[in-house]
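Here's the structure we're looking at; comments come further down.
The values are calculated or read from the model by the stated rules, or taken from the named source; none is laboratory data. All values derive from a computational prediction rather than experimental measurement. Reconstructed Cβ throughout: ideal geometry from the backbone, glycine too, with neighbour counts over all protein chains shown.
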Amino acid sequence: MLKDDQKKICVGITGQAGFIGSILFNTINHEKSIFQAIPFEDNYFQDPVRLQEWVFKCDTIVHLAALNRHDNPEFLFETNVQLVKLLISAIEKTKSKAHIIFSSSSQEERDNAYGRSKKEGRSLFEQWSRKSNTCFTGMVIPNVFGPFGLPYYNSVVATFSHQLTHNEQPKIDTDSNLKLIYSGDLVEEILKIIKERRNIPYYFVPYSYEKTVSEILEILLRFKSDYLNKSVFPKLESYFEIDLFNTFRSYIDISSHFPRKFIKLTDNRGSFVETLRLLGGGQVSFSSTNPGITRGNHYHTRKIERFAVIKGRARIELRRIGTSDVITFILSGDEPGYVDIPIWYTHNLTNIGTDDLFTIFWVNEFFDEKNPDTYFENVIISN
């Protein structure tokens, strides 16, 4: 928390719409007491005036924009280096003293176009920093995985997760040992760097986990067997498995996969519905909702959550943070069903019937009022 006489840190992110940029931007937006996000568009790089106007507003610039892969290695190298040069030019013309944070990669030492472009970009920023006596942090980042990464582009975890959730067969080309960092951990590290204004030209970001490609695939195959094929929540025995499961399920097409129908057994005593099988732990809650009342309009960044409607009629709405498309499900106790809520999706539940709505909620962790992981944002965006 900033002191009363301190202003918010204005943070701009190139590559704001990308894998890490979108999570960082949205995280900054729910820490508004400390940060103010300065929106960025990729086309600013084609417009020197707009780029300079944007740079002028920033106290910190996190440079994430880059090509990871391209059929033409030389084009990839030149594009990434040119983005750095354009940004340095805008900084110099505005006489900005912004803290520059550059995302490099552990591939710096490899003989490939991406690694060479990152090493050259970090070197250019370091030279500029020394000449202008300004703050620069050159992050050398391990392999990043997390929700919404692009398959065949961002990481092998993204590729395997996409393949397994789309009935494709993953293949291991090289069973290498990977040093990994979860996207949420990387964002927290970036926020620390911003707050502390670290001046470190070569900062190797600590990795969260170390796994072989085959170990990762073995766990993901278990997730597919338990969760997709058997509708059972897998046992998550480590923070890595929680992070990997949240990543895995972000590749499920929730529009077609949900809602799922329960098996309803009826006899002269009434009816019975098994709502949840879990191989781990967690917390199950029950609520009744009066007709016309809406609950929720919030999102989570780590919690795994299920909504099960067992009586009444409900409308469940979801919207991924940073987007405008709303996904709507109608559930009824006449055909009991459930919807699982992905992280980074704001969601609500409305009783659209004439009787009380009965809903069971399950979450993978006990509620902690000191760390609730609950951020309020309406699903429906007002015009």
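Please go through segment 90-103 and pick out each residue that is surrounded by fewer than 19 Cβ atoms within 10 Å (Cβ to Cβ) and touching a residue at least 12 places away in the same chain (Cβ under 8 Å). I'd like the intermediate steps shown before the answer.
Within segment 90-103, the first condition is being surrounded by fewer than 19 Cβ atoms within 10 Å (Cβ to Cβ), and the residues that meet it are 92-95, 97.
92, 93, 94, 97 - these are the residues of segment 90-103 that are surrounded by fewer than 19 Cβ atoms within 10 Å (Cβ to Cβ) and touching a residue at least 12 places away in the same chain (Cβ under 8 Å).
Being in contact (Cβ under 8 Å) with a residue 40 or more places away in the chain, polar (S, T, N, Q), touching a strand residue (DSSP E or B) at 6+ places or on another chain (Cβ under 8 Å) and in a helix (DSSP H, G or I) is true for just one of 117, 129. Which residue is that? Reasoning before the result, please.
Working: 117 fails: touching a strand residue (DSSP E or B) at 6+ places or on another chain (Cβ under 8 Å).
129 is the lone residue from the list that is in contact (Cβ under 8 Å) with a residue 40 or more places away in the chain, polar (S, T, N, Q), touching a strand residue (DSSP E or B) at 6+ places or on another chain (Cβ under 8 Å) and in a helix (DSSP H, G or I).
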Determine, yes or no, whether residue 22 is at pLDDT 95 or above and either within 20 Å of residue 193 (Cα to Cα) or assigned to a helix (DSSP H, G or I) (or both).
yes
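Condition first: of a type in the set (Lys, Arg), surrounded by fewer than 16 Cβ atoms within 10 Å (Cβ to Cβ) and within 23 Å of residue 181 (Cβ to Cβ). Now tell me which residues in segment 104-135 satisfy that.
Restricting attention to segment 104-135, the residues satisfying the condition of being of a type in the set (Lys, Arg) are 110, 116, 118-119, 122, 130-131.
After this cut, where a residue has to be surrounded by fewer than 16 Cβ atoms within 10 Å (Cβ to Cβ) as well, the list is 110, 130-131.
Within segment 104-135, 110 is the sole residue that qualifies.
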Need the failing condition index for residue 55 against (1) without any contact (Cβ under 8 Å) to a residue 60 or more places away in the chain; (2) surrounded by fewer than 17 Cβ atoms within 10 Å (Cβ to Cβ), just the number.
(2)
Taking only segment 338-380 into account, find how many residues are closer than 21 Å to residue 249 by Cβ and touching a Gly at 6+ places or on another chain (Cβ under 7 Å).
7
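Table: residues versus (1) over 23 Å from residue 107 (Cβ atoms); (2) surrounded by 15 or more Cβ atoms within 10 Å (Cβ to Cβ); (3) in the same structural domain as residue 97 (by TED's automatic domain parsing).
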residue: 25; (1), (2), (3): yes, yes, yes
residue: 28; (1), (2), (3): yes, yes, yes
residue: 38; (1), (2), (3): yes, yes, yes
residue: 46; (1), (2), (3): yes, no, yes
residue: 61; (1), (2), (3): no, yes, yes
residue: 65; (1), (2), (3): no, yes, yes
From 310, 316, 330, which residue is surrounded by fewer than 19 Cβ atoms within 10 Å (Cβ to Cβ), more than 18 Å from the chain's Cα centre (by Cα) and in a strand (DSSP E or B)?
330
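What do you reckon, is residue 14 buried (at least 19 other Cβ atoms within 10 Å of the Cβ), touching a helix residue (DSSP H, G or I) at 6+ places or on another chain (Cβ under 9 Å), of a type in the set (S, T, N, Q) and in the same structural domain as residue 117 (by TED's automatic domain parsing)?
Working: buried (at least 19 other Cβ atoms within 10 Å of the Cβ): yes; touching a helix residue (DSSP H, G or I) at 6+ places or on another chain (Cβ under 9 Å): yes; of a type in the set (S, T, N, Q): yes; in the same structural domain as residue 117 (by TED's automatic domain parsing): yes.
For residue 14, the condition - buried (at least 19 other Cβ atoms within 10 Å of the Cβ), touching a helix residue (DSSP H, G or I) at 6+ places or on another chain (Cβ under 9 Å), of a type in the set (S, T, N, Q) and in the same structural domain as residue 117 (by TED's automatic domain parsing) - is met.
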The lone condition residue 188 fails out of (1) under 20 Å from the mean Cα position of the chain (by Cα); (2) surrounded by fewer than 16 Cβ atoms within 10 Å (Cβ to Cβ); (3) more than 21 Å from residue 245 (Cα to Cα) is (3)
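Residue 275 - would you say it is among the β-branched types (Val, Ile, Thr), within 30 Å of residue 164 (Cβ to Cβ) and modelled with pLDDT under 95? I'd like the intermediate steps shown before the answer.
Details: among the β-branched types (Val, Ile, Thr): yes; within 30 Å of residue 164 (Cβ to Cβ): yes; modelled with pLDDT under 95: yes.
Yes, satisfied.
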